[in-house]
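Comments concern the structure below.
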């Protein structure tokens, strides 16, 4: 059976360390075409700058090839059942990457695939982002003996980061408005690693002892009809220069400047968001090479 990555805790703590170590090695020294003649099929229901360019560039740099399959190229679960798409792609490609809305779709792709399936984002999880986040934190601090404050929505990015933090020993506090908390199931899975995050509805309390602050958009893709209501609900959760202080800022991008974070903060020397964005490339290369070796 192939190894899949549908969320961070599909890996063991040892496997997660191995993926990050491989990513760091490739970033530092390059790689001698370990994926020569291999192909990544990239399924996109949601557009993305970083996801497409980092995966496609990564496969090229590793000696392989990537095929973009947008919503106009295939009809995932509409013109054909997801399981049939999975079976067919398995005969053509060496990996399947999917950036879709419904998490059940990546689960079904994985259930019927004969090759590794990588979740490049669903409404529930974003494990590839967390791999890049963890690589960035380790580069910045040298290890994971770090206190991080998440300020904003308990969304897919947050939920995967909660699991990654639990697995690596990061001391995490999550501050969300009431009604926007991390799912109980994710908190229970984090508790399995004896490192569940603290939760609060007070951004100031969350950042008080933090070494680093992480935020994300208040209005995610597909939630545009809830925009005004959500912006009202998140009043007081904007990361400003006063809230951030001298701490580094992380953001998975794209940033809605003036909403979850000020333009001043994103443009400041405290922002490490561009290192974080670059590490999508390196973390995913490490993941692809590690998966190929399983």
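What percent do you get for the relative contact order of the stretch 39-88 when only Cα pairs under 8 Å and 6+ apart count?
Across the stretch 39-88, relative contact order equals 42 percent.
Ranked by Cβ crowding within 10 angstrom, fewest neighbours first, how are 251, 65 ordered?
By the 10 Å Cβ count, ascending: 65, 251.
Nearest 500 deg cm²/dmol is fine: what mean residue ellipticity at 222 nm does the chain get from its DSSP H runs of n ≥ 4 alone, each adding -39,500 (n - 2.57), divided by its residue count?
-12500 deg cm²/dmol
Kindly put 174, 207, 106, 219 in sequence by how many other C-beta atoms sit within 10 Å of each C-beta, fewest to most.
Ordered by Cβ neighbours within 10 Å, fewest first: 219, 207, 174, 106.
Hey, can you rank 184-190, 131-137, 80-86 by average C-beta count inside 10 Å, highest first?
131-137, 80-86, 184-190
Suppose the Debye formula is applied to equal point scatterers at every Cα of the stretch 183-294; what is log10 I(q)/I(0) at q = 0.16, 0.17, 0.22, 0.23 Å⁻¹?
Debye curve over Cα of the stretch 183-294, log10 I(q)/I(0) at q = 0.16, 0.17, 0.22, 0.23 Å⁻¹: -0.96, -1.04, -1.27, -1.28.
Quote the relative contact order of the stretch 129-275 in percent (integer), defining contacts as alpha-carbon pairs under 8 Å separated by 6+ residues.
23 percent
Compute the helix-to-body angle for 156-168: its Cα long axis versus the longest principal axis of the chain, expressed 0 to 90° and rounded to tens.
It is inclined by approximately 90 degrees.
Averaging over every viewing direction, what projected area does the convex hull of the Cα atoms of the stretch 1-103 cover, in nm²?
7.4 nm²
When only C-alpha pairs under 8 Å and at least 6 residues apart count, what is the relative contact order of the chain, in percent?
21 percent
At 0.36 nm per residue, minus the direct Cα-Cα distance, what do residue 49 and residue 3 gain on full extension? Give it in nm, one decimal, please.
Using 0.36 nm per residue and subtracting the Cα-Cα distance, I get 13.9 nm.
Residue separation times 0.36 nm, minus the C-alpha to C-alpha distance between residue 227 and residue 25: what's the value?
Values: separation 202, 0.36 × 202 = 72.72 nm, distance 4.17 nm.
Length gained between residue 227 and residue 25: 68.6 nm.
Any idea what log10 I(q)/I(0) is at q = 0.09, 0.13 Å⁻¹ for the chain, Debye with uniform C-alpha scatterers and no solvent?
So the normalised log intensities work out to -0.41, -0.88.
So how do 218, 161 line up by other beta-carbon neighbours within 10 Å, fewest first?
On the way: 218 24, 161 29.
Placing the least packed residue first, the sequence is 218, 161.
Which of these, 129, 38, 159, has the largest mean-square fluctuation under a Gaussian network model of the chain (Cα springs below 10 Å)?
38
For the stretch 129-275, what proportion of DSSP beta bridges, expressed in % and rounded to the nearest 5, is antiparallel? Could you put the intermediate results ahead of the total?
Working: 0 of 17 bridges.
Once the DSSP bridges in the stretch 129-275 are tallied, antiparallel ones form about 0 percent.
Using only Cα atoms and rounding to the nearest 10 degrees, what angle (0 to 90) does helix 49-61 make with the longest principal axis of the chain?
The two axes meet at around 50 degrees.
Cα centroid distance between the stretch 265-283 and the stretch 145-180, in Å?
Each part reduced to its Cα centre gives a spacing of 18 Å.
Against the longest alpha carbon principal axis of the chain, how many degrees, from 0 to 90 and to the nearest 10, is the axis of helix 13-29 turned?
80 degrees
Quick note: the coordinates plus some simple rules give every number you see, no bench work behind them. If you're wondering where the values come from, they're calculated on a predicted model, not measured in any experiment. With ideal geometry, Cβ positions are generated from the backbone for all residues, glycine too; neighbour counts draw on all protein chains shown.
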